[in-house]
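As structure tokens, the structure follows; a few thoughts come after it.
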Amino acid sequence: MGIIFKKLNRFLLILILMGTGIIAERVGLIEYVIDPNEYPFIIIFFWQHLILVVYSMAIATIIGLAVGIILTRKRFKKIAGVVMYIISLGQTIPSLAVLALAMSFLGIGTKPAIFALIIYSILPIARNTLAGIIAVPPYLVNAAKGMGMPAWRILLEIELPNATSVILTGFRVAMIINIGTAALAFLIGAGGLGDLIFSGISLMRTEQLLAGAIPVTFMALVADFLCEILGLLIVSKGLRLASEH
């Protein structure tokens, strides 16, 4: 049965790709993308979008990991709920409002866009870091303490390795949110693929809209796949097998 399902999935994938190609041809997407007057701009917008995502995710990951780790320490556990509530407020505000607020004190361009994306990306990373470390079996930590391991070694060698799978899940969620939200950066002058999407909507040009929307989707799918590969590389096989059962 497994072989039949694999072949069926491949067949469906081929059908989807063929259907996508036919639709792209009919709406003029292929002609638009290969137009020498247009594709240089598509590449520029793609790189602008990628830069926004990379910079904001790098900063959000550092902050999210730091916050999650700090809140698992004994002296800060009491305020963990309050801090996480404050961080979660960033995602309760509509993305356009966050961009507008960032623009009000950082001006227009890349800086406010990256700031807004950081606000939107911190919560899943911080929350999963906190949950992952808390979920580490206490007997592992107690055994490490009994062996005389200092707190920093317990964190690096016991807690973080056992929480990596959960942390990666939060990172993956943050990445997908970030890539999608980055399309709105165009509205405050930061460029990106949102330029093509919103211009296509305004001009009622389907091919231009798709030239921006499809790369965003592709970027999200590739990011999700790379997170899966990263999990296979840094999460030990024993922990992966344990999580499957």
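The values are calculated or read from the model by the stated rules, or taken from the named source; none is laboratory data. In this text the structure is predicted, and so the values were computed from the model without any measurement. With ideal geometry, Cβ positions are generated from the backbone for all residues, glycine too; neighbour counts draw on all protein chains shown.
Working carefully through the options Val173, Val222, Val166, find the one that is free of Cβ contacts under 8 Å to residues at least 12 places away in the same chain and β-branched (Val, Ile, Thr).
Val222
Checking Ala144 against (1) more than 20 Å from Leu230 (Cα to Cα); (2) surrounded by fewer than 21 Cβ atoms within 10 Å (Cβ to Cβ); (3) in contact (Cβ under 8 Å) with a residue 24 or more places away in the chain, which test does it fail?
(3) is the only condition that Ala144 fails.
Could you please find all residues in segment 138-155 being among the aromatic types (Phe, Trp, Tyr) and either within 15 Å of Arg73 (Cβ to Cβ) or in contact with an Asp or Glu (Cβ under 6 Å, 6 or more places away or on another chain) (or both)? If you could, list the steps in order and put the result at the bottom.
Residues of segment 138-155 that are among the aromatic types (Phe, Trp, Tyr), as a first pass: 139, 152.
Matches in segment 138-155: Trp152 only.
Answer with yes or no whether Ile201 is part of a helix (DSSP H, G or I), assigned by TED's automatic domain parsing to the domain that holds Phe46 and over 30 Å from Ser104 (Cβ atoms).
Details: part of a helix (DSSP H, G or I): yes; assigned by TED's automatic domain parsing to the domain that holds Phe46: yes; over 30 Å from Ser104 (Cβ atoms): no.
Criteria not met by Ile201.
Within the group Ala131, Ala144, Ala213, Ala183, which residue is in the same structural domain as Ser95 (by TED's automatic domain parsing) and farther than 29 Å from Ile114 by Cα?
Ala144
Just a yes or no: is a residue in segment 141-151 modelled with pLDDT of 90 or more and among the basic types (Lys, Arg)?
no
Taking Gly170, is it surrounded by 16 or more Cβ atoms within 10 Å (Cβ to Cβ), at pLDDT 90 or above, under 30 Å from Ser104 (Cβ atoms) and within 21 Å of the chain's Cα centre (by Cα)?
Answer is yes for this residue.
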